[in-house]
Every structure is written in C-alpha cells, then in structure tokens.
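Trainee: Okay, handing you the structure first.
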Ligand SMILES: [Zn+2]
C-alpha cells in the first residue's frame, strides 16, 4: 500500500510529495522532500502509524532539495539513504550543492529549503542501473534515468514506478510539463529515459509533483515527451531573436499561461505549477542545454 504524503510546500497543497510504501519489514520512504517541510512529513508519517525512527530505508530520486533536502534527518535516525552514485558525494558533502542553489535562490534559500547537513558515508547506499534491492516482499529496481538531472533514478516496484522528476509534473487536472532546471537538462537522454519507463509499462506512476497519474501512463509519458520537445524548440527559437534571458522568461511565462488558461486551469493550480516548476528555471535550464550540450552560439 502506497501513502501519498502532501508536504504542503510553502503552504501550498499538491506541490511536493513523498511516498510511504508499507512492507513486511516496515515503512519504506520514497523522496524525503526539502528540510523546510520535514515537520509536516513527520506529522503525516505519525498519522500513518510510524515514528521517524521506524524509517530505515529512504529512496531518493535525485539530490535536488525538493527531493533530498530532508534525507540527512532520516540518516541521523539510522536510515539507509539510497541514491545515484553521482549524487552520493553531494549528500555526503552538501556544500557545493548548497552554494550553487544560493546562486539561484539567494536570500530566500533557507526559507524555501531549510538546512542541509552532511550524511555519513555509512548511511549512503549507491544504486547501479537496474540494481535490485529486496526489502520484505518488495523488490525495488533502480532505473538510471538522466535528462532532468544526470544523477536521477526512477524506482520500479511491481507494477508501480516512482518517477521523480524525469516522469514530469502533473498537478490536479492540469497539463503534463517537464521540469527543466539547470544544469543537467539533456533532451536526448530525457527521451531515452521516458522510453525506458514506457517499456516497463507500469500500471501506476507516482510523480513527486504531484501524486498518482490519473491518465493512462503511456498517454502521460507521450504528452511529456511532446511537451519537452516543444519547450526545447520554443526556447531555441526565442534565442535566435533575443539575447536577453529576462525577455525569453517573460515570453515563456505568457506562452504557458495562455496554454493554461485554455486548459481552464484555476489560479491556485497555476500557482502550484509555478512553485514546482518556475518559468525562469525552465528557460535557463533549456538555454544551458542548447549552449553547453548542443554548442549553440548565443548572446
Ligand atoms: Zn523536483
């Protein structure tokens, strides 16, 4: 049984999720959320009937703060933190991770994400591609799924996949969109990762932003891939006419807002999307892809 926990990030519902899978050997946590929502996570875990110290296994899709920020607190209580080998050193020594986030978020950093303490190597478990971890009755398979981040893992358990961010963002009845923050966006890798999940053909797909996908999973993944390609092409076209990133961000924001209004989304859902997936991030992530990965000359 999977419990979807709403971390109520910045007071908003359905923005960031964590998941508890109940097993014979106790609760297994997928995603830890940012440390700023740890208190909410603790309360919700207690409502399900467990204490934080009952959580001995924490699977992290990738090391961004909205997914891994609170992992250290579980490690402090003795949990194993399972993570991509390329992400592991950053959880052991989060200084660099923190530093690059400060450049993006500035003074808002701590309010948004809380603090991040180093996790001892004894608590960090690297997962190889297709590696299986048997926990009670569940076999948890790690799928290395780059595209959103080089250190991204989606987890396959029976007919379920916990898709992290590579499986997209879909909130309420809103559209399916790809979250594209810098610095690792890689369109070709992302499309291959989507293919990999499609081939598994899971019945249930869980998104960190947010929850269980309502559409048929294949439809969801097809829309995600199309939108990803569309966003990437859109940004490339803008780069041809504008050398100022703030103009591209504004015009991207109007493009998606128009799309959302056509979808008859209410303002609250639009705000949740902006929290999970801000436009300035998507534009800078995609510009970085075009310039660094594809060698497009710009600006
Ligand atoms: Zn995320």
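Trainee: Quick test of your reading of the structure: residue 74 fulfils all but one of (1) more than 26 Å from residue 130 (Cβ to Cβ); (2) assigned to a helix (DSSP H, G or I); (3) in contact with a strand residue (DSSP E or B) (Cβ under 6 Å, 6 or more places away or on another chain). Name the failing condition by number.
Mentor: That leaves (1) as the condition not met.
Trainee: So, one more: Looking only at the range 238-253, decide whether some residue is free of Cβ contacts under 8 Å to residues at least 40 places away in the same chain, within 16 Å of the ligand (Cβ to nearest atom) and assigned to a helix (DSSP H, G or I).
Mentor: No, there is no match, as no residue in the range 238-253 is free of Cβ contacts under 8 Å to residues at least 40 places away in the same chain, within 16 Å of the ligand (Cβ to nearest atom) and assigned to a helix (DSSP H, G or I).
Trainee: Which ones in the range 262-286 are touching a helix residue (DSSP H, G or I) at 6+ places or on another chain (Cβ under 6 Å) and farther than 13 Å from residue 14 by Cβ?
Mentor: 279, 280, 283, 286
Trainee: For the range 276-299: of the residues being without any contact (Cβ under 8 Å) to a residue 24 or more places away in the chain and in a loop (DSSP other than H, G, I, E, B), which is surrounded by the most Cβ atoms within 10 Å (Cβ to Cβ)?
Mentor: It comes out as 278.
Trainee: For the range 143-160, name all the residues that are over 25 Å from residue 101 (Cα atoms) and either assigned by TED's automatic domain parsing to the domain that holds residue 267 or more than 16 Å from the ligand (Cβ to nearest atom) (or both). Let's see the steps before the verdict.
Mentor: Just the residues of the range 143-160 that are over 25 Å from residue 101 (Cα atoms), to begin with: 143, 155-160.
Of everything in the range 143-160, those that are over 25 Å from residue 101 (Cα atoms) and either assigned by TED's automatic domain parsing to the domain that holds residue 267 or more than 16 Å from the ligand (Cβ to nearest atom) (or both) turn out to be 143, 156, 157, 158, 159, 160.
For every residue, the table says whether it meets (1) away from the ligand (no atom under 16 Å from the Cβ); (2) surrounded by fewer than 15 Cβ atoms within 10 Å (Cβ to Cβ); (3) within 16 Å of residue 291 (Cβ to Cβ).
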residue	(1), (2), (3)
194	yes, no, no
216	yes, yes, no
221	yes, no, no
233	yes, yes, yes
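Trainee: Looking at 124, 112, which is the one that is more than 24 Å from residue 179 (Cβ to Cβ), in the same structural domain as residue 165 (by TED's automatic domain parsing) and over 15 Å from the mean Cα position of the chain (by Cα)?
Mentor: None of the other options fit; the residue is 124.
Trainee: Another question, then. Can you go through 185, 197, 171 and tell me which one is farther than 26 Å from residue 81 by Cβ and either more than 12 Å from the chain's Cα centre (by Cα) or in a strand (DSSP E or B) (or both)?
Mentor: Working: 185 fails: farther than 26 Å from residue 81 by Cβ; 197 fails: farther than 26 Å from residue 81 by Cβ.
After ruling out the rest, the residue left standing is 171.
Trainee: Next up: How many of the residues making up the range 119-157 are crowded, with 22+ Cβ neighbours inside 10 Å and not in a strand (DSSP E or B)?
Mentor: Going through the range 119-157 one residue at a time, the tally reaches 8.
Trainee: Another question, then. All but one of (1) more than 13 Å from the ligand (Cβ to nearest atom); (2) touching a strand residue (DSSP E or B) at 6+ places or on another chain (Cβ under 7 Å) hold for residue 170; state the number of the condition that does not hold.
Mentor: In the conditions (1) more than 13 Å from the ligand (Cβ to nearest atom); (2) touching a strand residue (DSSP E or B) at 6+ places or on another chain (Cβ under 7 Å), residue 170 misses (1) alone.
Trainee: I've got another one for you. How many residues, within the range 33-57, are part of a loop (DSSP other than H, G, I, E, B), touching a strand residue (DSSP E or B) at 6+ places or on another chain (Cβ under 6 Å) and surrounded by 21 or more Cβ atoms within 10 Å (Cβ to Cβ)?
Mentor: Within the range 33-57, residues that are part of a loop (DSSP other than H, G, I, E, B), touching a strand residue (DSSP E or B) at 6+ places or on another chain (Cβ under 6 Å) and surrounded by 21 or more Cβ atoms within 10 Å (Cβ to Cβ) number 2.
The values are calculated or read from the model by the stated rules, or taken from the named source; none is laboratory data. Values in this document were obtained by computation on a predicted structure and should not be read as measured data. Every residue, glycine as well, gets a Cβ built from its backbone with ideal geometry; the counts of neighbours run over all protein chains shown.
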